[in-house]
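Asks: Mind looking over this structure? Questions follow.
The values are calculated or read from the model by the stated rules, or taken from the named source; none is laboratory data. Bear in mind that the values here come from a model prediction, so they are computed numbers and not experimental data. As a convention, Cβ positions derive from the backbone with ideal geometry for all residues, glycine included, and neighbour counts pool all protein chains shown. Ligands, DNA and RNA are excluded from the accessible area calculation, which covers all protein heavy atoms including side chains. Shrake-Rupley method; radii C 1.70, N 1.55, O 1.52, S 1.80 Å.
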Amino acid sequence: MAEDSIETERLDALHQLNLLDTQPSESFDRITRMASQIFNLPISAISLTDHDRQWFKSRIGVEHLSIPRSKAPCAQVAETADIVLLPDLLADPYYRDSVLASQGVRFYAGAPLVTREGYGLGALCVLGMQPRQVTEAETSALRDLADMVMAQIELQHAFGRIEPVSGLPNRIQFLEDLADLGRDNPGRNQLAVLVDLARMEQLNSSSRVMGSGFVDDMVKDAARTIRAALPSNRSAYHVAPTQFAFLAEAEEDLASYVPKLRDFLASLAAKSTRRFVTTPSIGITPFTAGETPPRDVLRTALNAAHDARRSDDLVGVYSSSSDAAHRRRFTLLNDFGSALEADDQLHVLYQPRVELSTGACRGAEALLRWRHPTLGDVSPAEFIPIIEQTSMARGTTAWVMEAVLAQLAEWRGAGLNLQVSVNVSAANLAESDFAAAIQLRLMKYRLPADALELEVTESTMMVDEAAALEQLRTLDTAGIRLAIDDFGTGYSSLAYLDQLPAHVVKIDQSFVKNVISSERELTLVRTMINLSHAFGYRVVAEGIETQAVASAMRDIGCDEAQGYFYARPLHPEKFMQWLIDRDPKTADKAAA
Ligand code: C2E
Ligand code: MG
Ligand code: MG
């Protein structure tokens, strides 16, 4: 039984090296050539002992890639991890009837290939067709050569496991060590830590200013600090260009460990801000050795570090709910590209906008909808913020614009003088040809500029103010109307309102809701309206859900309203029907 388990471990050690069935290589062949020369024998091999075969990593004078393990002297070398000398196979009671002996082999000498942990992987062996004696010098040469083979094996194994910048073992090694831990201590609960040195934007802008060598210096500094903070028997791993990982002591518990890491982070930050402006963050994830897949340990620790960065604390503990949210974000991000290309996932709904004094509908807001093939309907409030941070923002607005203008052209062609507003992302205002592209599209559909209104939020314009303003001015000059969306939720300043080439202010629904329940809120909204009017804006109230709110908004001078009280966002045909129901004259126009 014990022998069985030792053999299992031995085989594990061999398989982990990923050496079996690999290509021959000169660095090994060189050694077998030397062995054959030293012994002046025609046959030499580096032979690894697998389940039931001897596989040759290098071979001279041997035709086959492997031979059966049974009664192979190399297997004895591997099992005993000791040298085996057989001066004459025919004189040996055990090997006399082996495959080798039947092929005419008389002499065998094999030195063990032993790992640091003491596992025998196989043998470096020489064989002869005549009985032969071995001198002590030959034996020790064979041992030396076997050690050289082992050094070569270890070297190859270590290659690609050390990060050159930090000199620390890398991600692959971290994952392997976690797998080992699972084998050696299954069921043990432990904490893994991930240190993330800087936000991507920080890195990008710093290396633009200071050159990429600066990142290397920062990484080296951090590697030193992290290594110094860990006891010598614990490894730190360099798992991504600016990320490090390590495991807490086995007996460490979360409650007492978090404050320690906070102190550590403070020291790390203090060291690195001497030269750079970066904000390191730390993620901790509890895991169970042998149960939590190693990749999940790394992933959840990284997610915790990212979450930490978003909080003030900078030390974050993984939680499964935030992990699920991360996965969903990732799925949405991944799948949106194909949604843009598919013809059945995205569509635009239209929510009517109503003039409060007359009740007339002047137009609608275009709102994007996504039916994900497996997740079903996903709200734009969820997917827009995710894709807005990517280059897909450009394609998305282009897609919506195309759909909306085609629809508008159809409506206008039917004699309906509607105006549609389209929501625009920050990234769009950074496109240098954004305004020009919209003008081209309007021309393509023979639509006047004032058929289109663009909605931008205050934060959208803050991103790259100068570039955004330039695009907005061009759009304004072209006669395209602009609305400030979600007004009141951003950093609205009076001076700012004055500067913008906008025509409409849309008061966010969070203010509108409360005008009938709170006198203060009513005063606030009235002030917003008066202020906007003073600057020449038209005011739209968002999120009107009841008659009472609609009346209150009309009474304090709001110009237009949008909300479930009038209609939810509607499919184009439903929107048309809604218009007809409200004003039968629309039907005549549409029919014409
Ligand atoms: P938004 O531009 O402020 O749009 C108004 C949101 O309020 C819409 O949510 C609309 O359905 C909702 N709404 C309208 N009336 C009521 C009401 O009476 N009560 C309540 N509770 N809600 C009401 P929706 O369609 O889910 O869109 C959410 C946000 O997603 C939009 O906010 C906008 O920022 C963004 N979005 C939607 N479509 C697009 C798009 O095509 N491009 C971009 N960049 N963003 C879009
Ligand atoms: Mg909007
Ligand atoms: Mg809004």
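Asks: Quick one: which helices (runs of 4 or more DSSP H) lie wholly within region 116-212 and hold at least 3 residues that are charged (D, E, K, R) and under 29 Å from W55 (Cβ atoms)? Spell out the reasoning first.
Replies: Values: elements: 136-158, 171-184, 200-210.
Where helices (runs of 4 or more DSSP H) fall fully within region 116-212 and carry at least 3 residues being charged (D, E, K, R) and under 29 Å from W55 (Cβ atoms), they are 136-158, 171-184.
Asks: Would you check which residues across region 40-55 are open to solvent by 10 Å² or more (accessible area, probe 1.4 Å), out of contact with any Leu (no Cβ under 6 Å at 6 or more places or on another chain) and in a strand (DSSP E or B) and list them?
Replies: Result: R53, single match.
Asks: I'd like to verify a number: residues in region 117-143 that are of a type in the set (K, R) and without any contact (Cβ under 8 Å) to a residue 12 or more places away in the chain, how many?
Replies: Number of matching residues: 0.
Asks: Filter region 424-460 down to the residues that are assigned to a helix (DSSP H, G or I) and of a type in the set (G, A, S), then identify the one that is nearest to ligand 3 (Cβ to nearest atom).
Replies: In the first step, residues of region 424-460 are kept if they are assigned to a helix (DSSP H, G or I); the result is 426-429, 434-444, 449-451, 458-460.
Now drop any that are not of a type in the set (G, A, S), which leaves 426-427, 435-437, 449, 451, 459.
On the way: A426: 15, A427: 18, A435: 22, A436: 26, A437: 24, A449: 23, A451: 21, S459: 12 Å.
Among them, the one singled out is S459.
Asks: Does V539 qualify as being within 22 Å of E455 (Cβ to Cβ), part of a helix (DSSP H, G or I) and either open to solvent by less than 10 Å² (accessible area, probe 1.4 Å) or away from ligand 3 (no atom under 15 Å from the Cβ) (or both)?
Replies: Numbers: within 22 Å of E455 (Cβ to Cβ): yes; part of a helix (DSSP H, G or I): no; either open to solvent by less than 10 Å² (accessible area, probe 1.4 Å) or away from ligand 3 (no atom under 15 Å from the Cβ) (or both): yes.
Spelling it out, it is not the case that V539 is within 22 Å of E455 (Cβ to Cβ), part of a helix (DSSP H, G or I) and either open to solvent by less than 10 Å² (accessible area, probe 1.4 Å) or away from ligand 3 (no atom under 15 Å from the Cβ) (or both).
Asks: Kindly indicate the residue of region 470-529 that is within 15 Å of ligand 2 (Cβ to nearest atom) and in a loop (DSSP other than H, G, I, E, B) and also farthest from the chain's Cα centre (by Cα) among those meeting that condition.
Replies: Ranking the candidates gives H503 first.
Asks: Right, another one. So which of T546, T489 ends up being at pLDDT 95 or above, out of contact with any strand residue (DSSP E or B) (no Cβ under 6 Å at 6 or more places or on another chain), within 13 Å of ligand 1 (Cβ to nearest atom) and at negative phi?
Replies: Exactly one of T546, T489 is at pLDDT 95 or above, out of contact with any strand residue (DSSP E or B) (no Cβ under 6 Å at 6 or more places or on another chain), within 13 Å of ligand 1 (Cβ to nearest atom) and at negative phi, namely T546.
Asks: Applying the selection to region 57-91, what residues are of a type in the set (D, E) and either part of a helix (DSSP H, G or I) or surrounded by fewer than 16 Cβ atoms within 10 Å (Cβ to Cβ) (or both)? Step through it out loud before you land on a result.
Replies: Residues of region 57-91 that are of a type in the set (D, E), as a first pass: 63, 79, 82, 88.
Matches in region 57-91: E63, E79, D82.
Asks: Any residue at all in region 433-451 that is surrounded by fewer than 20 Cβ atoms within 10 Å (Cβ to Cβ), away from ligand 2 (no atom under 16 Å from the Cβ), free of Cβ contacts under 8 Å to residues at least 12 places away in the same chain and not hydrophobic (A, V, I, L, M, F, W, C)?
Replies: Yes; the residues of region 433-451 include at least one that is surrounded by fewer than 20 Cβ atoms within 10 Å (Cβ to Cβ), away from ligand 2 (no atom under 16 Å from the Cβ), free of Cβ contacts under 8 Å to residues at least 12 places away in the same chain and not hydrophobic (A, V, I, L, M, F, W, C).
Asks: Let me ask another. Only one residue in V126, V165, V149, V134 is more than 20 Å from S58 (Cβ to Cβ), open to solvent by less than 60 Å² (accessible area, probe 1.4 Å), of a type outside the set (S, T, N, Q) and at pLDDT 95 or above. Which one?
Replies: Every option except V134 fails the conditions.
Asks: Looking at A91, A72, can you tell me which residue is at pLDDT 95 or above and farther than 24 Å from G118 by Cβ?
Replies: So the residue among A91, A72 that is at pLDDT 95 or above and farther than 24 Å from G118 by Cβ is A91.
Asks: Looking only at region 363-394, count every residue that is in a strand (DSSP E or B) and loosely packed, with under 14 Cβ neighbours inside 10 Å and tell me the total.
Replies: Within region 363-394, residues that are in a strand (DSSP E or B) and loosely packed, with under 14 Cβ neighbours inside 10 Å number 2.
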